[in-house]
Amino acid sequence: MTVGAAPPWHAIDADTALARLEVAADVGLSSSEVAKRLVAHGVNVLPEAKQRSALLVFLRQFKSPLISILFVSAALAVVMGHGSDAIVILLVVLFNALVGAWQEGRAERSMAAPGRCWATRRKPRCWWLPAKAGSTSTRCGSRPRARPSCRSTLTTS
């Protein structure tokens, strides 16, 4: 931290954070202030993660030095006349790559699932302002609510 710089957000209390943001906790921001901050700072959303192809995920499984050692072992087995051993080694490497790619794909889907679920519906705390389904904007202290179907997405598949 540089001299004279404000302390980071995680190191300050709520009242100090509200003062730095120039907002009152009991009132919130006016519609005009929300519009002005939206223009100045943009929408508060995380960027979409770049989708990797299944082929690239599969090929990345062969980057490990241990896999390279297994390929060398298979080549040496062929040179020494043990073709069946080489085939077994290559089948194990292929099986490992398939399982690794499958697990990595599942991990990426599960990491993306909460973002899809939370962004689909917003329920405002203020009963007089109806929420729009699929809206990324929030009004009057609204907060995202997950659809019931997303709960199973987070734990399975």
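Filter the range 1-53 for residues that are within 27 Å of the chain's Cα centre (by Cα) and of a type in the set (D, E, K, R); which is surrounded by the fewest Cβ atoms within 10 Å (Cβ to Cβ)? Selected residue: K50.
Take the residues in the range 52-80 that are part of a loop (DSSP other than H, G, I, E, B) and at pLDDT below 95, then tell me which one is nearest to A112 (Cα to Cα).
Taking the range 52-80 first, the residues part of a loop (DSSP other than H, G, I, E, B) are 52-53, 61-64, 80.
Subsequent filtering for residues that are at pLDDT below 95 retains 52-53, 61-64.
Values: R52: 13, S53: 15, Q61: 21, F62: 25, K63: 25, S64: 26 Å.
The selected residue is R52.
The lone criterion from (1) more than 30 Å from L21 (Cα to Cα); (2) touching a residue at least 24 places away in the same chain (Cβ under 8 Å) left unmet by A75 is number (2). Assess whether T120 counts as being modelled with pLDDT under 50 and β-branched (V, I, T). Criteria met by T120. Among the conditions (1) out of contact with any helix residue (DSSP H, G or I) (no Cβ under 9 Å at 6 or more places or on another chain); (2) surrounded by 11 or more Cβ atoms within 10 Å (Cβ to Cβ), A107 misses just one, which is (2).
The values are calculated or read from the model by the stated rules, or taken from the named source; none is laboratory data. As the structure is a prediction and not an experimental result, all values here were calculated from the model. Here Cβ is always computed from backbone atoms with ideal geometry, including for glycine, and neighbour counts include all displayed protein chains.
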